[in-house]
Amino acid sequence: MHMKKTSLCLRSLDAEVDSMSVSGFNVTVAIGASMLVYDLRYFDQPVESKEAFNGTHLRCVSSIPDAEGFAVGSVDGRVSLQISNPFSSNDIRYIFRCHPKSKDGRHYLVSVNDIAFSPLVSGAFATGDNEGYVTIWDAGSRRRLVELPRYPNSVASLSYNHTGQLLAVASSHTYQEAKEIEKPPRIFIHRVDNIDIGSISASKRS
(Lines give C-alpha, C1' and ligand atoms only; values in the text may rest on other atoms or scores of the structure.)
Protein backbone atom coordinates (compact mmCIF):
# COMPACT_ATOMS: atom_id res chain seq x y z
CA MET A 1 0.00 0.00 0.00
CA HIS A 2 1.42 3.39 -1.01
CA MET A 3 0.42 6.66 0.62
CA LYS A 4 -0.11 9.73 -1.50
CA LYS A 5 2.57 12.38 -1.16
CA THR A 6 0.76 15.09 0.78
CA SER A 7 2.43 18.02 2.52
CA LEU A 8 0.82 20.19 5.16
CA CYS A 9 3.75 22.62 4.96
CA LEU A 10 6.52 23.10 2.44
CA ARG A 11 9.58 25.30 2.77
CA SER A 12 12.48 25.47 0.31
CA LEU A 13 15.93 26.15 1.76
CA ASP A 14 19.08 27.29 -0.01
CA ALA A 15 21.53 25.16 2.01
CA GLU A 16 22.03 21.65 3.35
CA VAL A 17 20.01 20.77 6.46
CA ASP A 18 22.28 19.21 9.09
CA SER A 19 19.65 18.50 11.74
CA MET A 20 16.01 19.20 12.54
CA SER A 21 13.69 18.79 15.52
CA VAL A 22 9.97 19.40 16.11
CA SER A 23 8.20 20.22 19.37
CA GLY A 24 4.66 21.53 19.49
CA PHE A 25 4.21 24.06 16.68
CA ASN A 26 7.92 24.84 16.42
CA VAL A 27 10.45 23.21 14.11
CA THR A 28 14.10 24.04 14.74
CA VAL A 29 16.53 23.60 11.84
CA ALA A 30 20.34 23.60 11.85
CA ILE A 31 21.91 24.80 8.59
CA GLY A 32 25.65 25.35 8.50
CA ALA A 33 26.42 27.77 11.33
CA SER A 34 22.84 29.05 11.51
CA MET A 35 19.82 27.96 13.49
CA LEU A 36 16.30 28.68 12.24
CA VAL A 37 13.06 28.32 14.21
CA TYR A 38 9.80 28.10 12.27
CA ASP A 39 6.23 28.23 13.54
CA LEU A 40 4.37 25.53 11.61
CA ARG A 41 1.24 27.68 11.59
CA TYR A 42 3.09 30.54 9.85
CA PHE A 43 5.74 28.82 7.75
CA ASP A 44 6.60 31.69 5.38
CA GLN A 45 9.62 32.88 7.35
CA PRO A 46 11.47 31.88 10.53
CA VAL A 47 10.38 33.42 13.83
CA GLU A 48 14.01 33.24 14.96
CA SER A 49 17.28 33.08 13.07
CA LYS A 50 20.76 33.31 14.56
CA GLU A 51 24.25 31.85 14.75
CA ALA A 52 24.54 29.94 18.01
CA PHE A 53 28.35 29.85 18.07
CA ASN A 54 29.49 32.87 16.02
CA GLY A 55 30.21 31.04 12.80
CA THR A 56 31.02 27.55 14.08
CA HIS A 57 29.26 24.78 12.16
CA LEU A 58 26.29 23.19 13.91
CA ARG A 59 26.07 19.42 14.15
CA CYS A 60 22.72 18.71 15.86
CA VAL A 61 19.64 20.35 17.32
CA SER A 62 17.09 18.94 19.76
CA SER A 63 13.79 20.47 20.88
CA ILE A 64 12.64 20.15 24.47
CA PRO A 65 9.51 18.00 24.91
CA ASP A 66 6.52 19.95 26.24
CA ALA A 67 8.52 23.15 26.67
CA GLU A 68 9.68 26.23 24.81
CA GLY A 69 13.31 25.71 23.98
CA PHE A 70 16.05 23.68 22.37
CA ALA A 71 19.69 22.67 22.56
CA VAL A 72 22.22 22.96 19.75
CA GLY A 73 25.50 21.04 19.48
CA SER A 74 28.54 22.19 17.51
CA VAL A 75 31.43 20.48 15.75
CA ASP A 76 33.87 21.92 18.32
CA GLY A 77 32.26 20.39 21.41
CA ARG A 78 29.97 23.17 22.59
CA VAL A 79 26.28 23.05 23.50
CA SER A 80 23.95 26.06 23.50
CA LEU A 81 20.82 25.83 25.67
CA GLN A 82 17.78 28.05 25.32
CA ILE A 83 14.83 27.20 27.57
CA SER A 84 11.92 29.55 28.28
CA ASN A 85 9.79 29.15 31.41
CA PRO A 86 6.27 30.55 30.79
CA PHE A 87 5.45 30.49 34.52
CA SER A 88 8.45 32.49 35.76
CA SER A 89 11.32 34.69 34.64
CA ASN A 90 13.86 31.93 35.21
CA ASP A 91 14.80 31.38 31.59
CA ILE A 92 17.89 29.28 30.84
CA ARG A 93 20.30 30.60 28.22
CA TYR A 94 23.95 29.64 28.22
CA ILE A 95 26.72 27.90 26.29
CA PHE A 96 29.08 25.30 27.73
CA ARG A 97 31.79 22.90 26.58
CA CYS A 98 31.22 19.18 26.99
CA HIS A 99 34.93 18.47 27.59
CA PRO A 100 37.39 20.03 30.04
CA LYS A 101 40.64 21.59 28.91
CA SER A 102 43.63 19.37 28.27
CA LYS A 103 46.84 19.60 30.29
CA ASP A 104 48.25 22.24 27.95
CA GLY A 105 45.19 24.44 28.47
CA ARG A 106 43.64 23.81 25.09
CA HIS A 107 40.05 22.74 24.56
CA TYR A 108 39.20 19.32 23.14
CA LEU A 109 37.42 19.99 19.85
CA VAL A 110 35.15 16.95 19.68
CA SER A 111 31.90 17.16 17.72
CA VAL A 112 28.62 16.84 19.62
CA ASN A 113 26.73 14.49 17.30
CA ASP A 114 23.38 14.28 19.07
CA ILE A 115 21.40 15.60 22.04
CA ALA A 116 18.37 13.93 23.65
CA PHE A 117 16.16 15.32 26.43
CA SER A 118 14.80 13.00 29.09
CA PRO A 119 10.99 12.67 29.27
CA LEU A 120 11.42 11.38 32.84
CA VAL A 121 13.36 14.19 34.54
CA SER A 122 12.74 17.79 33.57
CA GLY A 123 15.93 19.54 32.54
CA ALA A 124 18.02 16.38 32.15
CA PHE A 125 19.55 15.71 28.74
CA ALA A 126 22.19 13.49 27.17
CA THR A 127 24.92 14.40 24.69
CA GLY A 128 26.78 11.97 22.44
CA ASP A 129 30.11 12.90 20.88
CA ASN A 130 32.45 11.80 18.14
CA GLU A 131 34.91 10.15 20.54
CA GLY A 132 32.29 7.69 21.78
CA TYR A 133 31.15 9.30 25.02
CA VAL A 134 27.60 9.83 26.31
CA THR A 135 27.13 12.31 29.15
CA ILE A 136 23.92 13.13 31.01
CA TRP A 137 23.58 16.72 32.24
CA ASP A 138 21.22 18.85 34.33
CA ALA A 139 20.31 22.09 32.57
CA GLY A 140 19.22 23.92 35.73
CA SER A 141 22.30 23.29 37.86
CA ARG A 142 24.67 23.31 34.86
CA ARG A 143 26.42 20.18 36.03
CA ARG A 144 27.37 16.77 34.72
CA LEU A 145 25.25 13.98 36.24
CA VAL A 146 26.92 10.88 34.83
CA GLU A 147 29.19 9.78 32.00
CA LEU A 148 28.58 6.35 30.51
CA PRO A 149 31.53 4.09 29.62
CA ARG A 150 33.12 4.87 26.27
CA TYR A 151 31.57 3.17 23.22
CA PRO A 152 33.54 1.32 20.52
CA ASN A 153 32.79 3.94 17.84
CA SER A 154 31.57 7.50 17.68
CA VAL A 155 28.11 8.10 19.12
CA ALA A 156 26.03 8.77 16.01
CA SER A 157 22.57 9.04 17.56
CA LEU A 158 20.69 9.04 20.89
CA SER A 159 17.05 8.45 21.75
CA TYR A 160 15.00 8.01 24.94
CA ASN A 161 11.86 5.90 25.00
CA HIS A 162 8.60 7.69 25.80
CA THR A 163 8.89 7.10 29.56
CA GLY A 164 12.54 8.14 29.79
CA GLN A 165 13.52 4.85 31.43
CA LEU A 166 15.55 3.60 28.47
CA LEU A 167 18.25 5.33 26.45
CA ALA A 168 19.26 3.96 23.05
CA VAL A 169 22.80 4.73 21.86
CA ALA A 170 23.96 4.15 18.27
CA SER A 171 27.72 3.51 18.17
CA SER A 172 28.86 3.93 14.58
CA HIS A 173 31.55 5.58 12.47
CA THR A 174 30.35 8.96 11.22
CA TYR A 175 33.12 9.63 8.69
CA GLN A 176 33.82 13.07 10.16
CA GLU A 177 37.50 12.32 10.75
CA ALA A 178 40.05 10.18 8.94
CA LYS A 179 41.28 8.62 12.21
CA GLU A 180 37.87 7.36 13.38
CA ILE A 181 37.76 3.83 14.75
CA GLU A 182 35.74 1.58 12.45
CA LYS A 183 34.35 -1.12 14.68
CA PRO A 184 31.09 -2.76 13.52
CA PRO A 185 28.14 -0.43 14.21
CA ARG A 186 26.13 -1.42 17.28
CA ILE A 187 23.06 -0.23 19.17
CA PHE A 188 23.11 -0.22 22.98
CA ILE A 189 20.03 0.03 25.21
CA HIS A 190 20.56 1.30 28.78
CA ARG A 191 18.24 1.57 31.74
CA VAL A 192 18.70 5.11 33.05
CA ASP A 193 15.84 5.39 35.53
CA ASN A 194 18.09 3.97 38.25
CA ILE A 195 20.74 6.69 37.84
CA ASP A 196 21.03 8.76 41.01
CA ILE A 197 19.16 11.88 39.94
CA GLY A 198 16.49 11.82 42.63
CA SER A 199 17.59 15.10 44.16
CA ILE A 200 17.29 16.82 40.80
CA SER A 201 13.88 15.29 40.16
CA ALA A 202 12.68 16.43 43.58
CA SER A 203 13.98 19.95 43.08
CA LYS A 204 12.17 20.22 39.77
CA ARG A 205 8.85 19.34 41.43
CA SER A 206 9.20 21.91 44.21
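Answer yes if at least one residue in the stretch 197-206 is surrounded by 14 or more Cβ atoms within 10 Å (Cβ to Cβ), modelled with pLDDT of 90 or more and within 30 Å of residue 68 (Cβ to Cβ), and no otherwise.
Within the stretch 197-206, none of the residues are surrounded by 14 or more Cβ atoms within 10 Å (Cβ to Cβ), modelled with pLDDT of 90 or more and within 30 Å of residue 68 (Cβ to Cβ).
Can you tell me which residue within the stretch 145-176, out of those that are in a strand (DSSP E or B) and more than 15 Å from the chain's Cα centre (by Cα), is nearest to residue 75 (Cα to Cα)? Walk me through it before giving the result.
Keep residues of the stretch 145-176 that are in a strand (DSSP E or B), which gives 145-147, 155-160, 166-171.
Those still in the list that are more than 15 Å from the chain's Cα centre (by Cα) too: 145-147, 166, 171.
Numbers: 145: 22, 146: 22, 147: 20, 166: 26, 171: 18 Å.
Ranking the qualifying residues of the stretch 145-176, first place goes to 171.
Starting from residues that are closer than 22 Å to residue 14 by Cα and either in a loop (DSSP other than H, G, I, E, B) or of a type in the set (Val, Ile, Thr) (or both), keep the ones in the stretch 57-77 and report whichever is farthest from the chain's Cα centre (by Cα). Before the answer, list the steps.
Taking the stretch 57-77 and keeping what is closer than 22 Å to residue 14 by Cα, we get 57-62, 72-75.
With either in a loop (DSSP other than H, G, I, E, B) or of a type in the set (Val, Ile, Thr) (or both) added as a condition, the list becomes 57, 61, 72, 75.
On the way: 57: 14, 61: 5, 72: 6, 75: 12 Å.
Restricting to residues being closer than 22 Å to residue 14 by Cα and either in a loop (DSSP other than H, G, I, E, B) or of a type in the set (Val, Ile, Thr) (or both), the top hit is 57.
Look through the stretch 105-116, keep the residues that are modelled with pLDDT under 95 and either within 30 Å of residue 165 (Cβ to Cβ) or hydroxyl-bearing (Ser, Thr, Tyr) (or both), and return whichever of them is surrounded by the most Cβ atoms within 10 Å (Cβ to Cβ).
By that ranking, first place goes to 111.
Output the residues belonging to the stretch 37-56 that are over 20 Å from residue 12 (Cα atoms) and loosely packed, with under 15 Cβ neighbours inside 10 Å. Walk me through how you get there before you give the answer.
The initial filter retains those residues of the stretch 37-56 that are over 20 Å from residue 12 (Cα atoms), namely 52-56.
If the condition is that a residue be over 20 Å from residue 12 (Cα atoms) and loosely packed, with under 15 Cβ neighbours inside 10 Å, then 54, 55 are the ones that fit.
With over 23 Å from residue 173 (Cβ atoms), of a type in the set (Gly, Ala, Ser) and modelled with pLDDT of 90 or more as the only criterion, which of 80, 102, 19, 74 stands out? Before the answer, list the steps.
On the way: 102 fails: modelled with pLDDT of 90 or more; 19 fails: over 23 Å from residue 173 (Cβ atoms); 74 fails: over 23 Å from residue 173 (Cβ atoms).
Exactly one residue qualifies, and that residue is 80.
The values are calculated or read from the model by the stated rules, or taken from the named source; none is laboratory data. These numbers come from a predicted model, not from an experiment. Note that each Cβ is placed from the backbone with ideal geometry, even for glycine, and that neighbours are counted across all protein chains shown.
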